[in-house]
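Undergrad: First the structure, then my questions, so here it is.
The values are calculated or read from the model by the stated rules, or taken from the named source; none is laboratory data. What you are looking at is a predicted structure, and each value in this text was computed from that prediction instead of being measured. Note that we place each Cβ from the backbone using ideal geometry, even for glycine, and neighbour counts take in every protein chain shown. Keep in mind that these areas ignore ligands, DNA and RNA; they rest on the heavy atoms of the full protein, side chains included. Shrake-Rupley method; radii C 1.70, N 1.55, O 1.52, S 1.80 Å.
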Amino acid sequence: MQRLVLFCLLVLSATSSMAAWKIDAHSRKAEFPHEARFIEISFLNGSKVAQAHVFIFPQKYYRFAMVDNPTKDLSLDAAMLASGAIAGVNGGYFQTDFSPMGLRISEGKMLNSILRAKLLSGILVASTSGKPEIIPSTAFSSESNLKTAIQCGPNIMRAGKPVAGLNAVRPARRTIVATDGKGLWALIILSPVTLADSAEMLALPNVLGNTSIMTALNLDGGSSTSMWVKTSPTPFYLPSYATVRDYLTVLPIGH
């Protein structure tokens, strides 16, 4: 009898460990000029369900910009409308006194210097030529020739694979910036999931359509999570619960 019980427990444990996230459905919400698009993805893992809102765009036609909010009076939708952005999300972490936590560069102006901290393991940078990339914080050497930079973390994907050791017990809303490494980028909002869940979902093939994510950086999440996309006739707007220090926006090149 004891052997039977032990065998059943082992089978249940093995079955549980085999459970994994999978894509249940893609839904295209809106299309924009130059191959930009806004999609919704449903994920399943056994009885667990999660949802992602994803704005996808090619770096050939669009650029990142950072909008600062030092006076606390600029909401994401107001910032987007004022800047002419096509999409945007909340930015990086900030201190209890509302000062930025980590490197911030906006339109070539340094607002805060780099912070050497384990959590802030990655930096989204865009050069004056407009080319963006996500680099390890340890690889940062100079702010010269940078137009935009937001330091945050943790990195959740490198070389197309989930980063090891991500937290697997604290679900929260997630804000993520990601790229396929071939010129396609995405701003992603995930419904409450752990960091480990986020990485597992984004590592699935064809999350961005016919291409896969290679690198992904976690931005500030939880109550800070917000997203705005210029859909028609009314914009899609997921407001944050908290006031945030800055926003990461996407604008047409030349704007």
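Undergrad: Charges on Cβ only, +1 for Lys and Arg, -1 for Asp and Glu, centred on the Cα centroid of the chain; of Thr211, Ile188, Gly92, which one is farthest towards the dipole's positive end?
TA: Checking the options against the dipole of the chain, the answer is Thr211.
Undergrad: In addition: Can you tell which of Ala168, Ala30, Ala65 shows the greatest fluctuation in a Gaussian network model of the chain with Cα springs below 10 Å?
TA: Ala168
Undergrad: Once the Cβ-Cβ distance between Asn45 and Glu107 is put in as r, and R0 is 45 Å, what FRET efficiency do you end up with, to the nearest 0.05?
TA: E(calc), rounded to 0.05, equals 0.65.
Undergrad: Over segment 18-133, what relative contact order in percent results from Cα pairs under 8 Å that are six or more residues apart?
TA: On the way: 142 pairs, mean separation 18.7, N = 116.
Computed value for segment 18-133: 16 percent relative contact order.
Undergrad: Can you tell me the relative contact order of segment 64-194? Whole percent, Cα pairs under 8 Å, sequence separation 6 or more.
TA: Computed value for segment 64-194: 20 percent relative contact order.
Undergrad: Helix 2-18 versus the longest principal axis of the chain: what is the Cα-based angle in degrees, 0 to 90, to the nearest 10?
TA: 20 degrees
Undergrad: Report in % the part of the accessible area of the chain that belongs to carbon and sulfur, leaving out ligands and nucleic acids; probe 1.4 Å.
TA: Using a 1.4 Å probe with all protein chains present, the chain comes out at 56 percent carbon and sulfur.
Undergrad: Would you mind pulling out the separation of the Cα centroids of segment 58-91 and segment 121-186, in Å?
TA: Segment 58-91 and segment 121-186 have Cα centres spaced 18 Å from each other.
Undergrad: Long-range amide H contacts for Thr194: which residues qualify at under 5 Å (H placed 1.01 Å from N, peptide plane, sequence gap of 5 or more or a different chain)?
TA: Placed amide hydrogens put Ala172 under 5 Å from Thr194.
Undergrad: Now for a different question. Would you work out the charge dipole size for the chain about its Cα centre, treating the Cβ of every Lys and Arg as +1 and the Cβ of every Asp and Glu as -1, and quote it to the nearest 20 debye?
TA: 440 debye
Undergrad: Also, I was wondering about something else. Place a point 7 Å from the Cα of Ser127 along the Cα-to-Cβ direction; which residues of segment 173-217 have their backbone N under 16 Å from it?
TA: 182-183
Undergrad: Towards the positive end of the charge dipole of segment 15-55, with charges on Cβ (+1 Lys, Arg; -1 Asp, Glu), say which of Phe38, Val54, Ala19 has the farthest Cα.
TA: So the residue we want is Ala19.
Undergrad: Among all stretches of the chain without exposed trypsin sites (Lys or Arg not before Pro) (DSSP loop, at most 14 other Cβ atoms within 10 Å), which one is longest?
TA: Answer - 183-255.
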